[in-house]
Amino acid sequence: MLNQFKAKARQYLNFYPMIECKKEFKQQKFIQFNERPVELSFLFGKISELYPKKILDVGTGDTALPHLIRNCGALVTATDNIWDYWPAGMFNRHYYIVNDDIRNTQLKDTFDLITCISVLEHIEHPDKAVRNMFSLLSPGGHLIITCPYSENEYIRNVYELPGSSYGRDFAFITQSFSRAELEQWLLENEAVILDQEYWQFWSGRHWTVGTQIIPPKKVTAKDTHQLTCIMMAKTSKS
């Protein structure tokens, strides 16, 4: 009897989410392609190499990423600065999100892998975020960051650049980092780069500038590029 009651209650509770999902399915419209196929390919490729047991995803937002990683078997903690970054707060229907500002993290646990996928560019004072992510790594752990990047020039907000194709009305900034910021992160955190990819998504020099290139091109640091995928680790095991 109890099992029947639970089954019936679950059916009623699932009714509204099912209607919402069906509505979203029917109303979906194509806007443009984004960078996730490249970033997630890099991320899951590294997960398949490392098979980390404990993973922290920083800046999950309302995405299903931690749910997908959990399906791979790892134990996943997902965080976001829910009330400060999101004007009306945020709810993730795919996974439980811990409210935490990575610049002043309250997390006490450590992790074998920390992921920060297309998030760091939106964080004011990103150095603090990187420092705390490194501090949360277990000995031998790895940090994966993907972000807008151009080898020789830092841009505080790409949406303000002449020729930027969108984003001028966005409430948040999108930084584009360079080798100078990356080298500073490595120096401050006694870390090394284990792998780095460079990708061209736009015809212009920086993210969102010019005509979008689909499919994007994997290039070298000497070629025009606007996005990077990086895996880093501390040089010290302690």
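The number of residues in the range 95-114 that are touching a residue at least 40 places away in the same chain (Cβ under 8 Å) and either touching a helix residue (DSSP H, G or I) at 6+ places or on another chain (Cβ under 8 Å) or surrounded by 19 or more Cβ atoms within 10 Å (Cβ to Cβ) (or both) comes to 5. Quick one: count up the residues across the range 139-157 that are within 11 Å of the chain's Cα centre (by Cα) and either surrounded by fewer than 17 Cβ atoms within 10 Å (Cβ to Cβ) or part of a loop (DSSP other than H, G, I, E, B) (or both). Total satisfying the criteria: 0. Filtering the range 36-87 to residues that are aliphatic (A, V, I, L, M) and touching a helix residue (DSSP H, G or I) at 6+ places or on another chain (Cβ under 9 Å) leaves Leu40, Leu43, Ile47, Ile55, Leu56, Val58, Leu65, Leu68, Ile69, Ala74, Val76, Ala78. Out of all the residues in the range 55-111, which are farther than 26 Å from His125 by Cβ and charged (D, E, K, R)? Within the range 55-111, Arg70, Arg93 meet the criteria. Among the residues of the range 204-232, those identified as buried (at least 18 other Cβ atoms within 10 Å of the Cβ), closer than 30 Å to Ile55 by Cα and touching a helix residue (DSSP H, G or I) at 6+ places or on another chain (Cβ under 9 Å) are Trp207, Pro216, Gln226, Leu227, Thr228, Cys229, Ile230, Met231, Met232. Do we find that Lys53 is over 12 Å from the mean Cα position of the chain (by Cα), of a type in the set (Lys, Arg) and either over 25 Å from Ser138 (Cβ atoms) or surrounded by 21 or more Cβ atoms within 10 Å (Cβ to Cβ) (or both) in this structure? The answer is no for Lys53. The set of residues in the range 98-130 that are farther than 20 Å from Tyr159 by Cβ and of a type in the set (S, T, N, Q) comprises Asn99, Asn104, Thr105, Gln106, Thr110, Thr115. Report yes if some residue within the range 220-234 is in contact with a Ser or Thr (Cβ under 9 Å, 6 or more places away or on another chain), assigned to a loop (DSSP other than H, G, I, E, B), under 26 Å from Asp57 (Cβ atoms) and modelled with pLDDT of 95 or more; otherwise report no. Scanning the range 220-234 turns up at least one residue that is in contact with a Ser or Thr (Cβ under 9 Å, 6 or more places away or on another chain), assigned to a loop (DSSP other than H, G, I, E, B), under 26 Å from Asp57 (Cβ atoms) and modelled with pLDDT of 95 or more. Looking across the range 188-203, the residues that are surrounded by fewer than 17 Cβ atoms within 10 Å (Cβ to Cβ) and free of Cβ contacts under 8 Å to residues at least 40 places away in the same chain come down to Ile193, Gln196, Gln200, Ser203. Of everything in the range 1-45 that is in a loop (DSSP other than H, G, I, E, B) and not aromatic (Phe, Trp, Tyr), the residue that is surrounded by the most Cβ atoms within 10 Å (Cβ to Cβ) is Glu35.
The values are calculated or read from the model by the stated rules, or taken from the named source; none is laboratory data. Just so it is clear, the model here is predicted, and its values are computed rather than measured. Ideal geometry is used to build each Cβ from the backbone, glycine not excepted, and the neighbour counts take in all protein chains shown.
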